[in-house]
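Have a look at the structure below before the remarks.
The values are calculated or read from the model by the stated rules, or taken from the named source; none is laboratory data. Since we're looking at a predicted model, the values are computed, not measured. As a convention, Cβ positions derive from the backbone with ideal geometry for all residues, glycine included, and neighbour counts pool all protein chains shown.
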Amino acid sequence: MLELDLDMEADLGIDTVKQAELFAAIREHYTIPRNDSVSLKDYPTIRHCIKFVTDQKSAAAPAAAPAAKTRARQPELLDLTAAPQEAPAEKPAPKAAPKQEYPKRHIRHVPTIILAPVEQEVIKKLAPKRPVAIFAEDLDLAKAFRAELNKHRADSYIFTPAKTKLKDAITVDFRDVPALEKTLADFAAAHPDTQGIVYLPGCMVKSLSAETAAFEDLKRYALPLFLAAKYLSGGLNQAEAGHTTFMAVVTTLDGGFGYKTKDAYDPIYGAIHGPTLCLRKELEKSAVKLLDFEPSSSNQVIVQKTFYEILYSDKRLAIGYADGKRWTMVGKPVALDKSRRTTELEGKNVLITGAGRGLGAMFARMLAEQHKANILILDMMEISDKAKRLTGMSEAELKAYKMGELWNELKASADKATPATLEKEFTRLKDAADMHRNMEAMRALGVKVHYYRCDLMNPAAFKTAMDNIKADFGAIDGLVHFAGMERSKLAVDKTVEEFNLIFTVKADSAINLWKSGIVKEKGFWAMASSIAGKFGNLGQTDYAAANDYVAKFCVSQTNRGVRAVSIDMTGYAQIGMGARPGVEAFLKSQEMEFLYPEEGMQAFLDEIAYGKVPEIILSGSLGKLDWDKQLLYEPNFSASASSGYHFAPRLEDLLKGESLAASKEFSLESDPYLTDHSINGTPYVPGVMGLETFAEAAAVVTGAPPKALVNVRFAVPIKLLRNKPAEVKIKAFTLANGGGVEMRLESDFVSPKGLRLGQTRTHFKAVAASDAPSAWTPAMRPVLPKVKKYKADLATIYKTYFHGPSFQVLDGIISVDKTSVLAVFKRPAAPLWKGTQQKLVFHPLVFEALFQACGWRDIQFDRSMALPDAVGAAIAYDHEPVDPETLFLYGVFKGRTDDNRSLYDAWAFDADFNLAAELRDYAMIPTPI
């Protein structure tokens, strides 16, 4: 038996649609006439329904009063068991809105660090005696910059929280915002001709941890930058003839704006980077530079490179220095691999902030429709009875209600009624009505929908909401963070309070959600972010700070082994900023392409379901807003997520002629030949399959397989421990000045809990080259016997070697002495794959035969089993997919290296001495087996 006082929705899971159907069935069964004044909210329990029947049948009892709730709820949480005033069972379930048509184009880009050599130097000079403001916590670094400024006869003032007796040092606690603001206002009044800002608080090492506090960190590390621009921009916008003004913002994250490191760094770097990108567009007359260095960089390097960027380099804004090279960030078009889902969503409990209206509401609806996830909405709207009334009104009825009943209510209130207050109140009610309607539509799809009313800025309300969600669901499966605000104003016009508000709603709340423990350890995080945090936008310093903060939060979470993704979106047509006439006209004049809401939300949803990267950019052309051409927009980009090659199958990032990131899973199912390359029962990926992988990867990047692979290193073996699949990442990028394509096979160790541990391991590496010199000369040709007579035949060889049938590539050894070995390759009868054979481009079995032939000499004369360690050059003289039936193999022993590796040159050729493959400086290392 069910208890009569259980709440039908909260306790029994009977949503309002089902309640309406139940009520209709009760009326029909007991022949109770329809009464349009009856509201479901008055009958939340079974006992209330029983009383409804008895009251109606007796026709004498007064209407039933609402019962008290059986379970304590957060004070501001609305009773969502209530239906609109008119909720007949006969009313059909809400239909999905018709899908909007939009042009098919590629909008998905991945932030990527690429080499950025200086294109054209622009020589600039500083004005003597005009002051420069240095902001720093590290006094040694500040003094190093001052020393360099002295060489240019520029005065400098150091703003620092440190106590110091340095000349012209101004001590102020950056976290004391009123004091800092007054100090800067006074300084600006005394020095209206300030010509430069050097901003150094980001030169620190800070990790993401339980102590991370977004707003407190903002005050210390980022807000001083905003205030410096607010009060000192007057001087920066007054460049003297022949001289420059400048702003240099320097951080020491990783030399690549957080995209190179695997550490879980603090997102506060984003609150420094984002505003700088915007300030560049507000300080058009200044040389603005955002520079990121490796944490290990010396003060001398930081100072020298910074002044080079200010006074000599090109106009590019964002520059990183790492590994002795100059880098920048671009957004590269990358296809999403939808062949395998990475995040299961069906039946999962997903919390969506800001899902009451706009894009958040559309996303929630699409998530429910396409993946049948349960939707938990966190928003601050009140769904009142008055708002619910609007759900059943037509457009004409809404207009009449607004201009009649609502307007009269406002005029009768104590406050003065104006058209502005009318519009505000009507919008509030209409948004709440739309939200309620959207929730009912999702419930009609058969998923659970729950609403938790909460102001993210209210700590008490936030805690109550989190406690209630945990009480209802425990930890949830995923979180999508749409909540945010935007109010565009130039830095000189924006107040600290406005900056803090915009940052807190988006960024501080994201950290609070993380620290609340609301998401399961293996759950996912998705952040709705903006391109303002990637490319900057006029008047959006605060918005960019918040959005790059959450983007870097996702990168850090990914580095911790947590699935997290930031979706950095451009402007949308007919929604948000794109709906404001003035803003829309301006953006169109800048040739910026808008996204369509369904287009963007579908890409957002697909990224959660199928993606792996921690951040993507969704954008059409940015037009004139992309000053440095950072978005590599290709509307017709159609790179398949599959390369068509077996050893570089899944493309994650490809820029033809430039770079590649792909992945390959080695398993006994996809690569059955591994069974024949096992040592002590453990399958090892053969080094020659590493060569094949590199050749295929280079072919994807350049369009054709390379003739040679040089500087090959087999550093760490790839093993299938306990026969479990091993996934490796394939990284490739072109070297400057035609130096070839540098490639690596990498992997991360991931714990059973999904945590990435230790540093990324580089297994194999090589450089693909279009050519390589041969060491083969007629004088080196061995004498070939007229009749093949073997000193060791196949059966003898593979009693010693561990290789199985598909890797038994030596037919026999013709001769072997201390200086050389002559052998015969024979294509194995046993295939590498079952059924259809893969198309290969670099003759891995021929190179395997050369490896084994050289190794046989080591066994015979050095009594050691050796495995491949390095190759100076591996040269393939054709790229035919099928190996010749037989070849001669000749290896010349060149001695031993200082570290006891045996060194060889070796060749594979036919009876006419036509080369098929060549090894130069092939090194083997003795290995106990």
Task: Yes/no for residue 660 being of a type in the set (A, V, I, L, M), under 30 Å from residue 560 (Cβ atoms) and either surrounded by fewer than 19 Cβ atoms within 10 Å (Cβ to Cβ) or at pLDDT 95 or above (or both) - done: no
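One line per residue, one yes/no per condition, for (1) in contact with a helix residue (DSSP H, G or I) (Cβ under 8 Å, 6 or more places away or on another chain); (2) of a type in the set (S, T, N, Q); (3) without any contact (Cβ under 8 Å) to a residue 60 or more places away in the chain:
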residue: 164; (1), (2), (3): yes, yes, yes
residue: 174; (1), (2), (3): yes, no, yes
residue: 199; (1), (2), (3): yes, no, no
residue: 207; (1), (2), (3): no, yes, yes
residue: 210; (1), (2), (3): yes, no, no
residue: 225; (1), (2), (3): yes, no, no
- [ ] Scan segment 360-402 for residues that are of a type in the set (Asp, Glu) and closer than 30 Å to residue 519 by Cβ and jot them down.
- [x] 369, 379, 382
Open item on the list: Checking the conditions here, which among 229, 214, 239, 222 is buried (at least 21 other Cβ atoms within 10 Å of the Cβ) and under 20 Å from residue 316 (Cα atoms)?
Closed with: 229
TODO: Inspect segment 880-898 for any residue being in contact with a helix residue (DSSP H, G or I) (Cβ under 8 Å, 6 or more places away or on another chain), under 22 Å from residue 818 (Cα atoms) and at pLDDT below 95 and give the result as yes or no.
DONE: no
- [ ] Please identify the pairs in which a residue from segment 386-409 that is assigned by TED's automatic domain parsing to the domain that holds residue 424 has its Cβ atom under 7 Å from the Cβ atom of a residue that is among the hydroxyl-bearing types (Ser, Thr, Tyr), counting only partners at least 6 apart or on another chain.
- [x] 393/401
Open item on the list: Restricting to segment 412-423, and then to whatever is surrounded by 12 or more Cβ atoms within 10 Å (Cβ to Cβ) and not β-branched (Val, Ile, Thr), can you tell me which residue is nearest to residue 382 (Cα to Cα)?
Closed with: 422
Open item on the list: Looking for something of a type in the set (S, T, N, Q), assigned by TED's automatic domain parsing to the domain that holds residue 879, outside any helix (DSSP H, G or I) and surrounded by 13 or more Cβ atoms within 10 Å (Cβ to Cβ) - is there at least one such residue anywhere in segment 836-845?
Closed with: yes
- [ ] Quickly run through segment 585-600 and pick out the residues that are in a helix (DSSP H, G or I) and either touching a helix residue (DSSP H, G or I) at 6+ places or on another chain (Cβ under 8 Å) or buried (at least 19 other Cβ atoms within 10 Å of the Cβ) (or both).
- [x] 587, 597, 598, 599, 600
TODO: For residue 880, state whether it is in contact with a Phe, Trp or Tyr (Cβ under 6 Å, 6 or more places away or on another chain), under 21 Å from residue 770 (Cα atoms) and not assigned by TED's automatic domain parsing to the domain that holds residue 695.
DONE: no
Open item on the list: If a residue must be of a type in the set (Ser, Thr, Tyr) and in a helix (DSSP H, G or I), how many such residues does segment 392-437 contain?
Closed with: 3
Open item on the list: I want to confirm something. Restricting to segment 781-805 and keeping residues that are part of a helix (DSSP H, G or I) and not hydrophobic (A, V, I, L, M, F, W, C), which single residue is surrounded by the fewest Cβ atoms within 10 Å (Cβ to Cβ)?
Closed with: 799
- [ ] Collect the residues in segment 512-542 that are of a type in the set (A, V, I, L, M) and under 17 Å from the mean Cα position of the chain (by Cα), keeping them in residue-number order.
- [x] 526, 527, 528, 531, 532
Task: Which numbered condition residue 428 fails, given (1) farther than 26 Å from residue 525 by Cβ; (2) within 35 Å of the chain's Cα centre (by Cα); (3) buried (at least 18 other Cβ atoms within 10 Å of the Cβ) - done: (3)
Open item on the list: It is to be established whether one or more residues within segment 274-294 are within 25 Å of residue 332 (Cβ to Cβ), at pLDDT 95 or above, among the polar types (S, T, N, Q) and not in a strand (DSSP E or B).
Closed with: yes
- [ ] With respect to residue 815, determine if the residue is assigned by TED's automatic domain parsing to the domain that holds residue 784, outside any loop (DSSP other than H, G, I, E, B) and surrounded by fewer than 17 Cβ atoms within 10 Å (Cβ to Cβ).
- [x] yes
Task: Candidate set: segment 818-835, residues that are of a type in the set (Gly, Ala, Ser) and assigned to a loop (DSSP other than H, G, I, E, B); chosen: the one surrounded by the fewest Cβ atoms within 10 Å (Cβ to Cβ) - done: 835
Open item on the list: Condition first: of a type in the set (A, V, I, L, M, F, W, C), free of Cβ contacts under 8 Å to residues at least 40 places away in the same chain and assigned to a strand (DSSP E or B). Can you find one or more residues in segment 729-751 that meet it?
Closed with: yes
- [ ] State yes or no: is residue 679 β-branched (Val, Ile, Thr) and within 24 Å of residue 270 (Cβ to Cβ)?
- [x] no
Open item on the list: Scan segment 828-840 and tell me whether some residue there is of a type in the set (D, E, K, R) and touching a Lys or Arg at 6+ places or on another chain (Cβ under 6 Å).
Closed with: no
Task: Count of residues meeting criterion [aliphatic (A, V, I, L, M) and part of a loop (DSSP other than H, G, I, E, B)] in segment 356-391 - done: 4
Task: In segment 302-316, the residues that are over 12 Å from residue 252 (Cα atoms) and of a type in the set (Val, Ile, Thr) - done: 303, 306, 310
- [ ] Give the residue that is surrounded by the most Cβ atoms within 10 Å (Cβ to Cβ), with candidates limited to residues of segment 663-710 that are assigned to a strand (DSSP E or B) and in contact with a Pro (Cβ under 7 Å, 6 or more places away or on another chain).
- [x] 664
Task: Qualifying residues in segment 736-764 (those that are over 20 Å from residue 325 (Cα atoms) and among the hydrophobic types (A, V, I, L, M, F, W, C)) - the one modelled with the lowest pLDDT - done: 755
Task: Sole residue being assigned by TED's automatic domain parsing to the domain that holds residue 467 and either at pLDDT below 95 or at positive phi (or both), chosen from 501, 538 - done: 538
